[in-house]
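A quick write-up on the structure given underneath.
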């Protein structure tokens, strides 16, 4: 290790991870391996995902491969990783289905690229051998593909078993939003109560009519990520739900909304309030105020910590890094560039200027976008969403109750929920945001509508590339065609576009609400209540939710 480089956090060793981190003493990489079909398995599993054999052993292979994703990180996520540094995803030559996260070393930043052949250079630190990679000096390799090509995920889609769809039983009847802003410094449960009371009133109901609660991610241990979940809200409002739901293993808030739809369709509840609260902006401010010795609130662990898994020593500080790896591959394979992403950022800001609740409303030019400080290539400041404090609530009701409500319901046409891709980020889709392509294909299997019928697209934009992935996955343009589709921003414009993309400004400008803001905006648009940002005659909207993994989509229509 060089003297001027801080010691990285080391991996936690256990029975599964130890062989990987110790194999470098032999100059090799060690992976679990199927003794049936020969596949390498990473991370290790007790069964082969390819042939389902339970006969699993281990195999050491040559420590070389090809770069399938690369990003130069410029943001100081952790004081032990002073930027800039190069992060990469390397497909192992012995079985390109296996990828390992790493740093590229001893190579100039302007020379790193997708397709570069690399070899490991192990660094021995304490009881581990860290596999950094450097150029092998060989000609670039053909780009390896994914297990399922991007346009082929429909082959995994499971069709509806019968003629009945649960979507026909439900409607969205009320929406509510608390104050939204940067560092509101308010108790998050109070934000939740504000949003829920508004949504219930908007539906023409009373709190006593609510017999279900659904949220994401529930009582999450991550600071700023939750108000306390169902338990906290039930205790605060005295609601006595016959059904409730809260957990993190779903695709964000829209997953909690679909769970509520299923409960209502099954007869477990009549009116379910779904809610999502974030206060990450305030939490970050509180952590800065409490920090001592210049510690970063984004630190990936204390200096004494060991990090589970396979990413700890390399400086992956944010989902931005992981998604940037996918963006780099899309750029290399399809000719996409930063300007392509810029048109998404400019569109969101132009729409936000019409939204009085948006956090950032000042004009944004392509020069502003291009000249902004880099976060992790190809992402700059305006490719990343805006941390915010807010709560948003949505009421899901049974269609048999609509005659008793004074609200204007929005009907549910279809949902897309199927997983067709690997869950682990680095092992999943390399061309798009993982878990976009499967849910997109599933959505269109549950309706006779197509992307051509959609007026408003509320597409998750934690980063610009999320949005690009959904545009291609849902079929607004073909796979790899986003560069031409987005050029000039005309096709996604509020007025005159093929589809109006995120009329409220999305998370890039209106503020990060982790997906529920898109559901809120879809309802407002289909009711025709969006004011200056209204898409004329909007009758069909698609909402996507989830960043990286997992994800899903909902197709809504005007009643």
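Listed by first and then second residue, the pairs with beta-carbon distance under 6 Å, at least 6 apart or on different chains, first residue in the stretch 173-185 and over 16 Å from residue 510 (Cα atoms), second part of a loop (DSSP other than H, G, I, E, B), are 173/203; 173/405; 173/407; 173/409; 174/203; 174/407. Screening residue 521 with (1) outside any helix (DSSP H, G or I); (2) in contact (Cβ under 8 Å) with a residue 40 or more places away in the chain gives one miss only, at (1). Considering only the stretch 455-466, I want to know if a residue exists there that is in the same structural domain as residue 254 (by TED's automatic domain parsing), at pLDDT 95 or above, touching a helix residue (DSSP H, G or I) at 6+ places or on another chain (Cβ under 9 Å) and surrounded by fewer than 20 Cβ atoms within 10 Å (Cβ to Cβ). No; the residues of the stretch 455-466 include none that is in the same structural domain as residue 254 (by TED's automatic domain parsing), at pLDDT 95 or above, touching a helix residue (DSSP H, G or I) at 6+ places or on another chain (Cβ under 9 Å) and surrounded by fewer than 20 Cβ atoms within 10 Å (Cβ to Cβ). Of all residues in the stretch 347-360, none that is free of Cβ contacts under 8 Å to residues at least 40 places away in the same chain has its Cβ atom under 6 Å from the Cβ atom of a residue that is assigned to a loop (DSSP other than H, G, I, E, B) and buried (at least 21 other Cβ atoms within 10 Å of the Cβ), 6 or more apart or on another chain. Checking each residue in the stretch 452-476 for being within 18 Å of residue 413 (Cα to Cα) and out of contact with any strand residue (DSSP E or B) (no Cβ under 8 Å at 6 or more places or on another chain) picks out 452, 475.
Filtering the stretch 218-225 for residues that are surrounded by 24 or more Cβ atoms within 10 Å (Cβ to Cβ), assigned by TED's automatic domain parsing to the domain that holds residue 188 and either in contact (Cβ under 8 Å) with a residue 40 or more places away in the chain or touching a strand residue (DSSP E or B) at 6+ places or on another chain (Cβ under 8 Å) (or both) leaves an empty set. Taken together, 513, 549 contain a single residue that is within 16 Å of the chain's Cα centre (by Cα), in a loop (DSSP other than H, G, I, E, B) and crowded, with 23+ Cβ neighbours inside 10 Å, which is 513.
Any chance the stretch 335-344 includes a residue that's out of contact with any strand residue (DSSP E or B) (no Cβ under 6 Å at 6 or more places or on another chain), in a helix (DSSP H, G or I) and under 19 Å from residue 513 (Cα atoms)? Yes, the stretch 335-344 has at least one match. Here the strands (runs of 3 or more DSSP E) wholly within the stretch 110-190 that include at least 3 residues being within 25 Å of the chain's Cα centre (by Cα), modelled with pLDDT of 95 or more and closer than 30 Å to residue 557 by Cα are 170-177. None of 37, 48 is more than 24 Å from residue 329 (Cα to Cα), more than 26 Å from the chain's Cα centre (by Cα), loosely packed, with under 14 Cβ neighbours inside 10 Å and touching a residue at least 12 places away in the same chain (Cβ under 8 Å) except 37.
Note on the stretch 215-235: residues that are under 7 Å from residue 246 (Cα atoms) and under 20 Å from the mean Cα position of the chain (by Cα) total 4.
If you check 472, 481, which single one turns out to be touching a helix residue (DSSP H, G or I) at 6+ places or on another chain (Cβ under 9 Å) and crowded, with 24+ Cβ neighbours inside 10 Å? Write out each step before concluding.
On the way: 481 fails: crowded, with 24+ Cβ neighbours inside 10 Å.
None of the others qualify; the one that does is 472.
Taking strands (runs of 3 or more DSSP E) as the structural unit, those lying wholly within the stretch 364-472 and holding at least 3 residues that are over 21 Å from residue 326 (Cβ atoms) correspond to 389-398, 410-416.
Residues are listed down the side, and each one gets a yes or a no for (1) in contact (Cβ under 8 Å) with a residue 40 or more places away in the chain; (2) more than 18 Å from residue 516 (Cα to Cα); (3) assigned to a helix (DSSP H, G or I); (4) touching a strand residue (DSSP E or B) at 6+ places or on another chain (Cβ under 7 Å):
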position: 240; (1), (2), (3), (4): no, yes, no, no
position: 264; (1), (2), (3), (4): yes, yes, yes, yes
position: 274; (1), (2), (3), (4): yes, no, no, yes
position: 282; (1), (2), (3), (4): yes, yes, yes, yes
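The values are calculated or read from the model by the stated rules, or taken from the named source; none is laboratory data. Please read these numbers as outputs of a predicted model, since none were measured by experiment. FYI the Cβ positions are ideal-geometry reconstructions off the backbone, even for glycines, and counts take in every protein chain you see.
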